[in-house]
Structures are given as C-alpha cells and as structure tokens.
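I have placed the structure first, in the form of structure tokens, so that the comments after it can refer back to it.
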Amino acid sequence: MSFKVNWKSLETDSLTSWTKDLLTSALNSGKSPNILASSISIKDLNFGKIAPNFEILEIGELGRDRFRGIFKINYEGDFHLTLHTNVQANPLNIYYSNSMEKEIDSQFVTPNFLLSNEQFALPLDLKLSDIKISGIGIIVFSKSKGLTLVFRNDPLDSIKVSSTFDTVQVLANFLQKQIETQIRDLFRETLPTLIHQFSLKYLSLDNNSDDLHAHFASSSRTHSSALDPDNEFNNFTYSSKNLQKNLQLFNTRETLDLHIPKFKGIIQRSHLEKFTQNYPSLLNSLYLNLHEIDMKSYNTYNNNTGSNGIPIDLLINDKNFNRTNRVLKEISDIQSNSFYKQSNNNKDTTVKPKRRRIKYSTRKKAASPTSTLINDDFHMASLHSSVASSMPMSMSSSLSDSEERPQLLAQPRPMRISPDFYQAFLKSTPEQCWYQCKRVGLGTNYFNFATSQPISTSPIKKDPARDFIKEKKSINYIDINKVNNKLKELSMDRSGKRKQRNYGSATYESENPIVAPPPPYSH
Amino acid sequence: MYTYMEYLQKCFYKSTNWNEDNIFSNITASSSAILDFPIPTGFKLDSSNKSTEYSASSFTLSNYHSINGSLAYLYSSVPLRNTMGTKEISLQDALVGFRIIEPSSNNHKQLSSSKRHDRSSLLYGRMYFPGSALEAMIIKRISAHTQLLIKCINNPHMDKNGTMIVYLQKNAPKYSREFIYSTNESLIGFRCLYNLGNSDNSLNTALIPKFDNSVISIGTELWYAARTMSPGLSTAFRYSTRSTSTGKPLTMTLAVNPILGHLSSTYTVKTSVASTFSSRYDFNFFSYASNLSLGFELYNYSRENPVHSFANRSVNLSSEENRFLSHQDRKVRGQHGGNTIPIRSHTSIAQKDHSNMIINPIQNLDNYYHINPTLLPEKKKLLDEVELAAHLSSENSESVTTAFQNLVNESDFASVVKFSTSLNDRMVKILWEGRVKDFLVSTGVKVGMNPVTNAPEFNRFGVSFSYAC
C-alpha cells in the first residue's frame, strides 16, 4: 500500500512561516554554544516540487485507538533550507566564554585579557540542499501513549552542505561532517521525541488528570449527584456521593448483598424483565398484529421475549393450517418490513437494506460497541428505537404498574420510522442512553470505568471560560434530560403519526404487496 | 565596589609596595571602571570581619537563582594596619573608580623600607555552599619586585574538577613582566609593560615641583591556548598626565589587536574633584564595525561635613570649582565664628614675596610665565635661597597636581552614581553605590534594547549590601 502525497499543498505561506517559526525556536532553544555569536535565523525555506514516496509495508495492529505499522520513505527532492548566523572567529573569545562558564562567582581563574579576547563575528550562511532520504520506520500510535516514530536504519543517504566558507576546504569538510552527524542525530533522537511530544500535546493526555484535581475540590463542596437530571450543570461531575453509591453497588455485586442501592433513572438488571416484557419483539408485534393469538399462548412465550426467535412452538402447536400460514406471513411481513425499511408514506421507494458496514470515518458511531451491534443487526436496532420511545411512560409511571401495560402494548408493531430519522435520533442522543436502556449491571460497560475511551472530567459548575469541557462528556454521563426531551418529542410525534399509520396499515393490509422475504435470519 | 577580600588584597599590595597600575591588564582600568562596571544580580549580603591584623573572614549570602553563600578566610604575613571598616572607609578606596597613575619615580626610598616585605605572603580561601566548590589564592613575594600568584578553583561539577592558574610577575619601576600558565586548555600567556621616559630625576624633585607628571606606558600581551590551538595578541599604549593649570588627571589609552584588526581608544578625565568622564571608541578595520561608549561617575558629598576644609592647604587653582570650594570654606569658617584665615591665593603670595616661592609656572592672572630667575642653575650664589624656597614650598604650599590629588583623597563622599551607555549595544547601565548607615550599598540596573522586538527590557537588577569591621 502506498500513498500519494499532495506535496503542492505544502507551498502555502502560512505553512512556510509556521515551519520557519518552529525551526527558529527549535534551533535557538537551550543554551547556544559559544562559537555562535548570534542567534540562528532561517533565511530561506523551500519544500521543493518533488514529493517523497511514502509506502506502508505492513500494518501490525489496527484499532480505533491504536495503530502500528511499518513504512518506507524515499525522498530525492529539491528541498532546500538556508540558515543564517554569526560565527565567533576569535578562538580566544571562545576560550574566555568557556572559562567564564566554569567560574563560580566572578572572574577568578580566568585571566584578565585586554583586547585579545575581543569578539569578532563572521556572518555565515549555510545552505542545506539535495537531501536524499531512504529509510524504514515504525509508527506506533496509541491513544493513551501518543505517537512514536522510530527509524530502523539511518535514513539519511546524503546531503549537500554549502556555506560561506566553501572556499576554505578544511572548514567546508568540517561543516559537512558536522551537519551530517547532526542530522543523523535529528532523525535518531530529536525527531522521535519531538513527534511524541507533539502528539501528546494534541491528544492532551496530561490535561485530564489536571482537570480532575482542579475540579475535585469544587465538586466536594457542592456534593451534588451527577445523575440529578434537574441540575444540568452538575451533571458533569464525579460527586463523592455518586462514587459512594457506585461503590456500594459494586460491593453488593461482589458480596451478593440483597440490598441494591437505587439510582435515579437507572434500571437494575434484576428488574430488567419488567422492561423487556414491553419490548416490541417479534412475538409482541405478532401478537398485536394478529389479535387472535390468545392470551394464554402469548403468556407462554412471554418469558422469552428477549430473543427475536421465531416462535416455533406457536406454529407447531397450532393445528389450523390457515392460521399458521397467516402467522408465517405476518412474520415474514414484519421481518421484511423492518429489513427493507419500508416507509408508510411511499411504499414504492424501498430503501436498500443496510449491509453490515463499519465506518471508521464517522468516529462517533464507531466509538461505542453498541453502535456496531446496531449496525450488525438493524432489525434489533429499530426495535430498540421504539423501545426508547416507549421509555418515558415506563419511567415516569411506576414500573410495576400493570394497568399501564395495555396502553403500552397498544402500540401495534415496530415503529416504522424512516432510517434517516433513526439516524438523527441516534446522533442527537448520546450513545450512553443505550447503556441505560439495555446494558445495566456490573458486567456491562457501564460500570467498567476503565474503558477504551479516556475518561475525562468535567467541571462542576458552568464556567464560561471552560465551556469546551462540556464537549468532553464523561462515559458515565447520562443526559437524562436530553433523552427525556427527545423521547417526549418522539412520543408526541408518534401520537401524531399513529393515526396516519393506522390509516397506512389499513391500506397496507388491504393491498398486501408481495415483498421478497428477507435473507435468512440469524438467531 | 570591591568585596572586602579584594580590598584587603589591595591593602596588602599597598603595604608591600606593589604597584598594581604597572601591570598590563590594568592598563585600561580607569576607563573600564567607568564604562564596564558590573551590575549586581539579585540580593547579596556580605559581612566581613578583620579579626586580627593578620587574618580576616567573610560571609556572603546571595539569592541569585537559589539561596547560596560562601565563607572566606584570608591570612596575610604582613600586618594590614591601613584597612578600615565600611563605617569609616572613604568611598574612593572602596569603589572601583578612576586611578591616578603615579610616576614610579621615588622608588628608591621605598626600596629600603620594603626589605622586610620581601618574603611576605597572602593566603586566601573561599568555600561555596551548597555545591562544595572551593577557590583558593596564594600570593608569595619572592623578591622585592617578584611575586608568585596562584589561583585555583575546585568544583566537583566541572569535568576536570578544577582549574589552576599561575602568574609569575616581575614588577620593577621601569617595567613589568608576567608569565602565566593556566591548566584550562594549557593556556600560556606573556604580558609586559614598559614605562617610557626618564621619570626619576631624583636631583631636582625636591627643588622643582614635578610639573611633568605624565607617564607613558607601552605593553603587549601574547596568549596561546595549546589544547585548542587558539592564539591571542594585543598591544596597548597609555598616556597618563595631569593638567598643569588645574592639576586634573587624565588618561588616554590606545589598544590594538592586530590579528582581528580591532582598535580601541579611550579618553578618561577627572573633570572635577567629584566627577569623572570617560569615552571609548572601538573600531575594527577589517569589518568597519564601530562602537562608541560613554560613561561618567558623579560623587556626592556627605551631609556631615559637606565641604572639604582647606585648613592646612594653600591651593592656588584657577578653576571655577576650586574658587567655589575656597569661597565655601571661607563662608563656613565665617559661620563658625572663628578667625577667618584667608586661603593664600597665588596672587597674594606673588604680591607678598615674589622671589622665594615657586608654585605654578603659569600665572593664571595674566597668562604670563614668571619663572623665577633664582632657580636657574647659573646663579650659584642664590643656591641657598633656592633651597630655602624649595623647603618653603614643600612645607607650606603644594603644586596644583598634588593639591588636586589630596583634595580628591580627602573629600568625604557619601555616594556615587555611575552611568554608562553604548551606542552599538544599545544599553544603559546605572549604578548607585554609597553608604547607608554602616553599610556599603550597591544597586544598579541594566536596561537593554531587545534586538528582535526593539522593546526595552531589564537585563540585570540587583542590590548588594556589605558590612565590614
């Protein structure tokens, strides 16, 4: 695999000046040797016209947050760089400066020169050109450790050094040798450390711990629950109370304690059944669509509502072939509907089924394992979305309220929302809501604090100067308000849509278009 | 400002008749004291004590970079009786300033007295903490005109743990020679200085006041660092004289480095008792780079006795300043209510007795030369008169040069302000040194132009306190 580098894009003034600034500060950083009478400035910098060849030989590891690869770089271009400085030509002045550095307090062992140590600076222009580089390097990128670049061999093939002192052969040779060793050092030591430092800077790894310390003091003052939906600003904190609760929960899991602390807006796995009952699974939808399967048979299969398996028992036990046929047809209908994402409004335009796809470009979707799961299994996902829309009712009312159930079950089938609406929903709600809906308990990612994503902290109070932190949401952060609002909107939407859909379903039932059965279901 | 240990070293030199001005490295001492004075950095406190006449100790505390300090001890085989603490020391002695170059004429007198100092020695050691760096110095007089000076530092942080430098100095009245060897890169050096002109006209010194106080010195230095093969060479010429009319000393130097084509000329003049002005022009005839540096120092009289008394001095100077001084003196005396002794001006002397006194060959009143004919050697008969005149003149009145010099030496100054600027370096240095209570305080600032941004910035700033008793 090789890359074509768009080298011409480097020829911008801003980049050149940026590089010049960077190089100037790098060259003048630290203590300059006494032989230099002035600071080094960059007179001319040209990237040239010929791009380097960049070839990836091997990718050892590839992940969302890490990458390891071996590449090969070849450059035989016309890049050139001209440096300007002043060189001290009086050797006794250099001796004097070196000797003064060794002095403790004042001039003691340095002899008192009169005029023999007078400085005499010669201007020096140094041009580096005809750089030939061919090297094999290893790039290791890890989100937690930054980017490391190491060259396996000595990448510098040759370099042409021309200076003001070219006429003096001895000096020219000396400079050539010195600069070659310097550049070799640069490739071997300076460049890897520089790149590593820069990558750390841009990943801002070390900032996080600072943030935590800075805000922990303030958070201990306010003691507000992070999951308190009323206080929006306090949502971004690790409050000690919350941590205490989490610890308590953890302990109950460890010790099999029966007392499980309750979290606002969070459902324990032990109570999960009450939710999954209302999940619009295949069976649920089937039951609602047919209106004929008696309550008894429904109840028998009620306990395996979690799975989307085809209720074979229902088909086997039934002796009536017509009914079996209808059930089958209904099943295939539901499946194909969800598979093809047929919208109610225009049936003619069927959306192409979404194949399994992993998009690495859109990071937000790919970041959470649940979202890949959604991509894997789109049918499930659409079901979940309808679950999510049915959530506020179950959450606002008490969970054990059985009177509510018929109302819930009145929702006839998986919501047929257009896929783009689904996408919008997915984008607008934070990914964490999926944890809330589906993944509860210790074994899930929710309580796994050491996740792949770096944990970031957030301020306890809204600080205008630190608004950007709002963007960095904690993995434990659940924006319930937002979810609730969204779901309310959704339910409003749905109630509006329901009529339409009823109408649509009527026509749908009457026309009953023949759709190809979906590909075999893998469950 | 000298540290107390440097001051004691100078006193040692003085009491053993070692002429420091005769060393090549001090050939531009006057101008560099006014142009290149150091600025203290940070806060520094120096407390010293001369416990006996032979030994002294010093303790220094400073906060440059971090709090650090040093302990120093000094031993001298010669009793240092002429030293003073910071309370009573005259500022001219304590500070690095203009040096009046004495013609090395009447050394024959001192030779006899310095016999007992032939084997004198001085030991000095200083320990720095933290860091446990040491510095030591030995001055050993081998003969009346020869001495051995060894300086070494030991610093465990250095690559070779230390450096030693050895000076073998011969300081005769007419010339001085130095051989130097430093272990740092095996530096070898040779310096010499010759005084031109027949200075010791011993016969007439008593008779004729020395009008010709000028000293011409020519010197050169040669360096070679063997390890790095770096050579160095420079020559210098110094002309030091005093104005015959006013007695004000001035020094001109011209230093050349022929290897690098560098040329440096200075002109330093003590414009009055309390002020000195110096200028330096540097030029390089290879690169045509030039630089002009200007500086001055201004002394302030102390409040206790603001005007110097001329009780036992008859000064006949023509300058405005001395006229002012004499006027002041008269006024002060009038205020005190005592009997006012008028200062004998030249005119009154001339009017009173025209023949027996020679004070100044230039008559300031009418710009006319009045050379006493009795002094001419042909008049043998008047020789006794001449002797009498010489005796009188040495007893009662002085020449303008010595009068000015004594005026400078005896003035009680409280503080001094030094200012120096350099056009090419674009920097300004201001230093204030003076007596506060019993302390000698030195504070200064260096403001330079940033070469990149052209914005003025503080390069150095510091305060230094020194106490000695």
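The residues on offer are A:108, A:113, and the sole one that is without any contact (Cβ under 8 Å) to a residue 12 or more places away in the chain and assigned by TED's automatic domain parsing to the domain that holds residue A:37 is A:108.
Does residue B:242 satisfy the condition of being under 20 Å from the mean Cα position of the chain (by Cα), more than 7 Å from chain A (Cβ to nearest Cβ) and at pLDDT 90 or above?
Details: under 20 Å from the mean Cα position of the chain (by Cα): yes; more than 7 Å from chain A (Cβ to nearest Cβ): yes; at pLDDT 90 or above: no.
Against the criterion (under 20 Å from the mean Cα position of the chain (by Cα), more than 7 Å from chain A (Cβ to nearest Cβ) and at pLDDT 90 or above), residue B:242 does not qualify.
For segment B:125-176, a residue qualifies if it is surrounded by 19 or more Cβ atoms within 10 Å (Cβ to Cβ), without any contact (Cβ under 8 Å) to a residue 60 or more places away in the chain and over 27 Å from residue B:221 (Cα atoms), and the qualifying residues are B:133, B:155. The set of residues from segment B:14-55 being under 24 Å from residue B:461 (Cβ atoms) and in a loop (DSSP other than H, G, I, E, B) comprises B:36, B:37, B:38, B:39, B:40, B:41. The set of residues from segment A:77-96 being facing chain B (nearest Cβ under 8 Å) and either under 30 Å from residue A:10 (Cα atoms) or surrounded by fewer than 23 Cβ atoms within 10 Å (Cβ to Cβ) (or both) comprises A:89, A:91, A:94. Only one entry of B:62, B:76, B:51 meets the criterion of being surrounded by 15 or more Cβ atoms within 10 Å (Cβ to Cβ), away from chain A (no Cβ under 14 Å) and not aromatic (Phe, Trp, Tyr), and that entry is B:76. Out of curiosity, is residue B:25 more than 30 Å from residue B:264 (Cα to Cα) and crowded, with 17+ Cβ neighbours inside 10 Å? In short, no.
Looking across segment B:245-264, the residues that are among the hydroxyl-bearing types (Ser, Thr, Tyr) and away from chain A (no Cβ under 11 Å) come down to B:245, B:246, B:251. Got at least one residue in segment A:31-38 being without any contact (Cβ under 8 Å) to a residue 24 or more places away in the chain and of a type in the set (S, T, N, Q)? Looking for residues that are without any contact (Cβ under 8 Å) to a residue 24 or more places away in the chain and of a type in the set (S, T, N, Q), one finds at least one in segment A:31-38, hence yes. Considered as a group, the residues in segment B:225-251 that are surrounded by 17 or more Cβ atoms within 10 Å (Cβ to Cβ) and aliphatic (A, V, I, L, M) include one that is nearest to residue B:102 (Cα to Cα), and that residue is B:250. Going through segment B:150-166 one residue at a time, which ones are in a loop (DSSP other than H, G, I, E, B), facing chain A (nearest Cβ under 9 Å) and polar (S, T, N, Q)? Within segment B:150-166, just B:155 meets the criteria. Please indicate, with yes or no, whether at least one residue in segment B:311-322 is at pLDDT below 90, in contact with a Ser or Thr (Cβ under 7 Å, 6 or more places away or on another chain) and not in a loop (DSSP other than H, G, I, E, B). Yes: segment B:311-322 contains one or more residues that are at pLDDT below 90, in contact with a Ser or Thr (Cβ under 7 Å, 6 or more places away or on another chain) and not in a loop (DSSP other than H, G, I, E, B).
Summed over segment B:86-110, residues that are modelled with pLDDT under 75, small (Gly, Ala, Ser) and not in a loop (DSSP other than H, G, I, E, B) total 0. Looking across segment B:265-290, the residues that are away from chain A (no Cβ under 14 Å), out of contact with any helix residue (DSSP H, G or I) (no Cβ under 7 Å at 6 or more places or on another chain) and outside any loop (DSSP other than H, G, I, E, B) come down to B:267, B:269, B:270, B:271, B:275, B:277, B:279. Of the residues making up segment A:154-170, none is of a type in the set (Lys, Arg), farther than 30 Å from residue B:255 by Cβ, in contact (Cβ under 8 Å) with a residue 60 or more places away in the chain and in the same structural domain as residue A:44 (by TED's automatic domain parsing). Evaluated against (1) at pLDDT below 90; (2) more than 10 Å from every other protein chain (Cβ to nearest Cβ), residue B:142 falls short on exactly one condition, (1). Applying the set (1) over 30 Å from residue B:60 (Cα atoms); (2) facing chain B (nearest Cβ under 8 Å) to residue A:141 leaves exactly one unmet item: (2). Restrict the check to segment A:97-107 and report whether at least one residue is facing chain B (nearest Cβ under 8 Å) and of a type in the set (Lys, Arg). Scanning segment A:97-107 turns up at least one residue that is facing chain B (nearest Cβ under 8 Å) and of a type in the set (Lys, Arg). Here residue B:170 clears all of (1) outside any strand (DSSP E or B); (2) farther than 24 Å from residue A:105 by Cα except the condition numbered (1).
The values are calculated or read from the model by the stated rules, or taken from the named source; none is laboratory data. Just so we're clear, the structure is a prediction, and the values are computed from it rather than from any experiment. All Cβ positions, even for glycine, are placed from backbone atoms using ideal geometry, and neighbour counts span all protein chains on display.
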